[in-house]
Ligand SMILES: [Zn+2]
C-alpha cells in the first residue's frame, strides 16, 4: 500500500509541473488569438477611416480620438471604446494570463461589466497601445504613414517597465498629455518583460497584422523600430 502511495506521489510530482506549463502555454496561445482579433478590428477601423490612420491619430471631428485642439489624458480603454463596432467583445482586451485585471463584458457604461464604466476601463485592459504606430515625424511634425507601420509595435502585453512613467513629463504629437515613454536613444539596458504575465517575454501585435511572441532580449529592438521619429522616444498608453 505504501509503495502504491509513494508511486502515485512521485507520478504527481512529475506531472504537475508539466501540467502547469501546458496551462501557461495555452494562455499564451489564447493571448495571441486575442491580439490578432483586436489588431484586425483596429485595421478594419483604419480601412473605414478616410484618414487611413489609427484612431488616436485621427481628429475627433473626423471620428477619431485625437483632440482637435489641446491635449487629452492618457487612457487606453478610451481608444478601445472607439472600435466597439469592429470588436466582438471587450473580453478580448484582457490577456488570459493577466491576473491583475478583470474583463469587461460589454462596451456600455453600466457597473455590470461596461468597459466605459470607471470600475472597468483600464482595469479591464491588458494591452498597451503605441501612439507612434502608423506615424513618421518629418521636420518636427507628425505625418500619418500607415503603410510604413509594418514593423512597428501597435499593441501588446504591458508588463514591462517604461523609462518615463505616465504623468511624469512630455506630451505626444497624438495629443496625449504625459503618456508613458520608452527611451530608445540611448536604449536603457533594463527594458524587459517581467515574468508576471508570460514567462520571459510577451505578445506584441505589429502594423502588418502579425502577432509575435517577443523575448525580453528583443523588446529593445522592437521599440527602436516603433519610434516614429528617431528622436528617441516611443509614447505608449499603458493601461
Ligand atoms: Zn498576454
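The values are calculated or read from the model by the stated rules, or taken from the named source; none is laboratory data. These numbers were taken from a predicted model, which means no experiment stands behind them. Don't worry about glycine lacking a Cβ; one is built from the backbone with ideal geometry, like all the others, and counts go over all protein chains shown.
Looking at (1) free of Cβ contacts under 8 Å to residues at least 24 places away in the same chain; (2) in a loop (DSSP other than H, G, I, E, B), which is the only condition residue 70 fails?
(1)
Residue 135: farther than 18 Å from residue 239 by Cβ and either at pLDDT below 90 or within 14 Å of the ligand (Cβ to nearest atom) (or both), yes or no?
So residue 135 passes the test.
Identify, please: which residue in segment 192-213 is in a loop (DSSP other than H, G, I, E, B) and over 22 Å from residue 149 (Cα atoms) and is, among those, farthest from the ligand (Cβ to nearest atom)?
Residue satisfying both the conditions and the ranking: 192.
Here is a list of conditions, (1) within 13 Å of the ligand (Cβ to nearest atom); (2) surrounded by fewer than 17 Cβ atoms within 10 Å (Cβ to Cβ), and residue 22 meets all of them except one; can you say which number that is?
Here residue 22 meets the rest and fails (1).
Does residue 72 qualify as being in contact with a strand residue (DSSP E or B) (Cβ under 8 Å, 6 or more places away or on another chain), modelled with pLDDT under 95 and surrounded by fewer than 18 Cβ atoms within 10 Å (Cβ to Cβ)?
yes
Looking only at segment 27-41, which residues are within 11 Å of the ligand (Cβ to nearest atom), more than 9 Å from residue 211 (Cα to Cα) and out of contact with any helix residue (DSSP H, G or I) (no Cβ under 8 Å at 6 or more places or on another chain)?
If the condition is that a residue be within 11 Å of the ligand (Cβ to nearest atom), more than 9 Å from residue 211 (Cα to Cα) and out of contact with any helix residue (DSSP H, G or I) (no Cβ under 8 Å at 6 or more places or on another chain), then 27, 28, 29, 30, 31 are the ones that fit.
State whether the residues of segment 167-179 include one that is within 15 Å of the chain's Cα centre (by Cα) and within 26 Å of residue 99 (Cβ to Cβ).
Checking segment 167-179: at least one residue is within 15 Å of the chain's Cα centre (by Cα) and within 26 Å of residue 99 (Cβ to Cβ).
So which residues in segment 80-98 are closer than 25 Å to residue 29 by Cβ and assigned to a helix (DSSP H, G or I), if there are any at all?
Answer for segment 80-98, where residues must be closer than 25 Å to residue 29 by Cβ and assigned to a helix (DSSP H, G or I): 80, 90, 91, 92, 93.
May I ask you to verify whether residue 219 is part of a helix (DSSP H, G or I), over 22 Å from residue 57 (Cα atoms) and within 16 Å of the chain's Cα centre (by Cα)?
yes
Pairs under 6 Å by beta carbon, first residue at pLDDT 85 or above in segment 2-30, partner within 16 Å of the ligand (Cβ to nearest atom), six or more apart or different chains?
Once the first residue is at pLDDT 85 or above and sits in segment 2-30, its partners that are within 16 Å of the ligand (Cβ to nearest atom) give 27/96; 27/97; 28/198; 30/96.
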